[in-house]
């Protein structure tokens, strides 16, 4: 059975978002932007190659003080285009089973958090998606894999750093200082590079 994934049409986004970058927004603005673009459930194989649509990805950063969780995407991951890259974001596609129904359709905010919670539990041991801090949307039209995705950047502050991998695709998770990541350059995947810059600026 084909997996159905939540996406938005690229042309439904405001013109200000139709270029590469981190776009800071509060929760309600993020949700309104995605809702107004026009939510669509489509087959994942089609969406992975159709750049007319962007698959919505909750992208969660786990933070402890001035340190964030970093890991390497191992060859065991499903997304081979990101293999070997370093990331600070945990997340994945919003699937049909993740949707939380409301009186007028899916409740997008709770659905995004529901997906973030599921993905975090699948990939890590020792973290919780508590008191999520919605930071903005990430668009990257420069790399093939990211041209069909849009990230909802969320920061969760954790109480400890005792975190283990629960997925062979998530290799060597560890908390590191944000400022140390600014020196990693191209080893960081593009979404993480944008977020590291944002988090570093906010901490300065």
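Miscellaneous remarks
- Axis angle, to the nearest 10 degrees, between helix 108-123 and the longest C-alpha principal axis of the chain: 40 degrees.
- Taking Cα atoms only, the orientation of helix 27-37 departs from the longest principal axis of the chain by about 40 degrees.
- Beta bridges from DSSP with both residues in the chain: antiparallel share about 75 percent, rounded to the nearest 5.
- The range 143-167 residues near the modelled residue 100 label - backbone nitrogen below 13 Å, point 7 Å along Cα→Cβ: none
- For the chain, the longest principal axis of the C-alpha atoms and the axis of helix 190-203 are separated by about 60°.
- Modelled spin-label separation between residue 179 and residue 19, with each label point placed 7 Å from Cα along the Cα-to-Cβ direction: 3.1 nm.
- Per-residue ellipticity at 222 nm computed for the chain from its helices equals -7000 deg cm²/dmol, with DSSP H segments shorter than 4 residues left out and the rest contributing -39,500 (n - 2.57).
- For the peptides 137-143, 15-21, residues were scored by their other Cβ atoms within 10 Å and the scores averaged per peptide; the highest-first order is 137-143, 15-21.
- Stretch gain in nm, segment residue 74-residue 52, where the contour uses 0.36 nm per residue and the Cα spacing is subtracted: 5.0 nm
Throughout, read-outs are computed from the coordinates displayed, never taken from laboratory work. The structure presented is a predicted model; accordingly, all values stated were derived computationally and were not measured. Note that we place each Cβ from the backbone using ideal geometry, even for glycine, and neighbour counts take in every protein chain shown.
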